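Accompanying notes for the structure given below.
The values are calculated or read from the model by the stated rules, or taken from the named source; none is laboratory data. Every value quoted in this text rests on a predicted model; they were computed, and no experiment measured them. A quick note on method: Cβ atoms are made from the backbone with ideal geometry, for glycine too, and the neighbour counts reach across all protein chains shown. Protein only, heavy atoms only, side chains kept; ligands, DNA and RNA dropped before computing areas. Shrake-Rupley method; radii C 1.70, N 1.55, O 1.52, S 1.80 Å.
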Amino acid sequence: MAQSVSYAKWDELTEGAEREITMGPLTRTDFVRFAGANGDFNPNHHDDTYAVSSGFPTSFAQGMLQGGYVGKILSEWVGPGALRTFRIRFSTQAWPGDMVICKAMVVRRYEEDGERRVEIEAEAVNQDGASLIKAHATAAPRG
Amino acid sequence: MPLDPTVLEREFPEFEFNVERGKIREFAMALGLKDPVHFDVEAARAAGYDDLLAPPTFTRQFWHENDENDPMPHLGYDPKRRLHGEQEFEYHKPLVAGMSLRGRNVIVSNREKEGRRGGKMIFVVIETRFVDEGGELVQVARRTLIETAAPPKESE
């Protein structure tokens, strides 16, 4: 069951404020559960035989699984309805057994449309430090 | 394949996107979200939402694969050379269970670029504007797909 989550207050979201969470190790079950949830049934993400025939060593995570993990760190940090924009760039695949280390940092505080907003840069890296995705977000924290 | 300049004018059929409580919970669980606003209606209402709040990456621009709303099969791109390069969202209104959205896919850009390891890469950007039953804009999603010069593995 879900636990309660406390969001960072505006005063805590200063430039340079950081948040980090680690997800994983990834399993094929994670890929299949996410396929059911988001509908991405590209066989490269659950069928090893197909993935090998496509030239990959094994099946690998949907990019939006890691993208969703970064969405999680952001929404559980600044508040779930606070995001105004969110952009994800995919770099490298994540494989079964990989860790997904998500890091986010406030890079700017500003005002727009009558709201106090923060600009956040985020990245997910694997256990070897290789970049899986880079992300950028803007948010209007409530607190 | 060669770039087809007519794709930018093509219209794809409008589709419906119904936001259901069970699907929100399933999606939130698949991403390890812990926030009760995605699971517990009372908690969502206490936080000021009409119903369970959808996680930030919940909307889908098309149903994989070969859906009639998916422009890609009509463009002749090779699925084995296709990568998801980028995904972008703009949030205009909270997305909660019970809402019924309408979306239409539009190809907003289609361009060729020289790959770093030689060969041509094609970048196509598909934009979906999701509106609610009152016609108000809720979200804009933009998906960048890349067709690599060679199958993805060989270009790694």
**OP:** Considering each of A:T49, A:T58 in turn, give the residue that is open to solvent by less than 40 Å² (accessible area, probe 1.4 Å) and β-branched (V, I, T).
**Re:** A:T58
**OP:** Show the residue pairs that are 6+ apart or on different chains and have beta-carbon atoms under 7 Å apart, the first residue being within region A:52-75 and at the interface with chain B (Cβ under 7 Å from one of its Cβ atoms), the second being open to solvent by 10 Å² or more (accessible area, probe 1.4 Å) and assigned to a helix (DSSP H, G or I).
**Re:** A:S54/A:N44; A:S54/B:K80; A:G55/B:K153; A:G55/B:E154; A:F56/A:N44; A:F56/B:K153; A:M64/A:N38
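To keep it simple, each residue is scored yes or no on (1) at pLDDT 95 or above; (2) within 12 Å of chain A (Cβ to nearest Cβ).
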site	(1), (2)
B:K23	yes, yes
B:H38	yes, yes
B:A54	yes, yes
B:G85	no, yes
B:G98	yes, no
Original post:
Mind checking which residues of region B:87-96 are in a strand (DSSP E or B) and at the interface with chain A (Cβ under 9 Å from one of its Cβ atoms)?
Top reply: B:Q87, B:E88, B:F89, B:E90, B:Y91
Original post:
Can you tell me which residues in region B:113-134 are in a strand (DSSP E or B) and either touching a Leu at 6+ places or on another chain (Cβ under 6 Å) or of a type outside the set (D, E) (or both)?
Top reply: B:K113, B:K120, B:M121, B:I122, B:F123, B:V124, B:V125, B:I126, B:T128, B:R129, B:F130, B:V131
Original post:
Looking at region A:97-143, which of its residues are of a type in the set (K, R) and open to solvent by 40 Å² or more (accessible area, probe 1.4 Å)?
Top reply: A:K103, A:R108, A:R109, A:R116, A:K134, A:R142
Original post:
Residues A:T29, A:T14: which one is over 17 Å from A:L132 (Cα atoms), β-branched (V, I, T), open to solvent by 40 Å² or more (accessible area, probe 1.4 Å) and part of a loop (DSSP other than H, G, I, E, B)?
Top reply: A:T14
**OP:** Kindly indicate whether any position in region A:66-83 is open to solvent by 50 Å² or more (accessible area, probe 1.4 Å), part of a strand (DSSP E or B) and closer than 20 Å to A:L13 by Cα.
**Re:** no
Original post:
Hey, among the residues in region B:1-40 that are of a type in the set (V, I, T) and touching a residue at least 24 places away in the same chain (Cβ under 8 Å), which one's surrounded by the most Cβ atoms within 10 Å (Cβ to Cβ)?
Top reply: B:I24
**OP:** Exactly one condition in (1) open to solvent by 70 Å² or more (accessible area, probe 1.4 Å); (2) under 24 Å from A:M64 (Cα atoms) is not met by B:L52; state its number.
**Re:** (1)
**OP:** Please specify each residue of region A:100-111 satisfying the condition of being closer than 30 Å to A:P57 by Cα and within 13 Å of chain B (Cβ to nearest Cβ).
**Re:** A:V100, A:C102
**OP:** May I ask you to list the residues in region A:32-46 that are within 11 Å of another protein chain (Cβ to nearest Cβ) and open to solvent by 60 Å² or more (accessible area, probe 1.4 Å)?
**Re:** A:V32, A:R33, A:F41
